[in-house]
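The values are calculated or read from the model by the stated rules, or taken from the named source; none is laboratory data. What you see is a predicted model, and the numbers here were worked out from it, not measured in a lab. Reconstructed Cβ throughout: ideal geometry from the backbone, glycine too, with neighbour counts over all protein chains shown. Ligands, DNA and RNA are stripped out before the accessible areas are found, and what is left, the full protein with its side chains, is counted by its heavy atoms. Shrake-Rupley method; radii C 1.70, N 1.55, O 1.52, S 1.80 Å.
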Amino acid sequence: MSLKRRPTDADIEALAEIFRPLWRHGDIMRPWLRQHHELLRSLVHGEWSWAAVGAALTKVGITYRTGTPWTDKRLRSELSRALMPLKGYRQRQPKPEAQPMAQTAIPPGAVAQTDLPPNPPSAPNVPPPPAVAAAPRFKPASFRIPESSSTPSESTPADIARSHRQTFGPPEPKEPR
């Protein structure tokens, strides 16, 4: 961010005169910011700082209903929020129109008459997705714990003792009392 000169009160008043005819009492803030964002950005890309633009907006009375003065961070934030696409107005993909399955043969010299509008130019050819058959198949996951048999294992006490020694090490010798 480049440093800009600090404007005087006369400079702020001159900038406020630019905004005064653009604001009507009762305007809604975000649509106003959306409508005038090019002007605000051109001022900031020129010699004005966000803080100076905010001070001029506050001087004219272009604020939210609370009347809180604009700061540079708040003005930048609100301008970016105002420029976000509205929820109901995002770009939607048109549904593909049904194409006729079979075309009838037209005798030579005859002109085909249809009630259908001409087909719009289609989107560029998109390569088909990779083959689904080559994708690995996995067994569905389950949170069930497999039931173990209720019969005890065929381990001998010697096998159990050996396993215990391997896991926990040899038993410590007991001290005489």
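If I ask for residues that are in a loop (DSSP other than H, G, I, E, B) and open to solvent by less than 90 Å² (accessible area, probe 1.4 Å), which ones from segment 24-41 would you list?
26, 27, 36
Of (1) modelled with pLDDT of 75 or more; (2) part of a loop (DSSP other than H, G, I, E, B); (3) not hydroxyl-bearing (Ser, Thr, Tyr), residue 162 satisfies all except one. Which?
If we test residue 162 against (1) modelled with pLDDT of 75 or more; (2) part of a loop (DSSP other than H, G, I, E, B); (3) not hydroxyl-bearing (Ser, Thr, Tyr), just (2) comes out false.
Out of segment 1-37, which residues are basic (Lys, Arg), farther than 15 Å from residue 54 by Cβ and either touching a residue at least 40 places away in the same chain (Cβ under 8 Å) or touching a Leu at 6+ places or on another chain (Cβ under 8 Å) (or both)? Quick ask: steps written out before the conclusion?
So the first thing to find is which residues in segment 1-37 are basic (Lys, Arg), and the list is 4-6, 20, 24, 30, 34.
Now narrow it down to the ones that are farther than 15 Å from residue 54 by Cβ: 5, 20, 24, 30, 34.
Residues satisfying the conditions are 5, 20, 30, 34.
Would you check if residue 13 is closer than 17 Å to residue 63 by Cα and open to solvent by 80 Å² or more (accessible area, probe 1.4 Å)? Please lay out each step first, then the result.
Numbers: closer than 17 Å to residue 63 by Cα: yes; open to solvent by 80 Å² or more (accessible area, probe 1.4 Å): no.
No: the conditions fail for residue 13.
Taking segment 61-70 as the search range and keeping residues that are in contact with a helix residue (DSSP H, G or I) (Cβ under 6 Å, 6 or more places away or on another chain) and surrounded by fewer than 18 Cβ atoms within 10 Å (Cβ to Cβ), which one is modelled with the highest pLDDT?
Taking the candidates together, the pick is 69.
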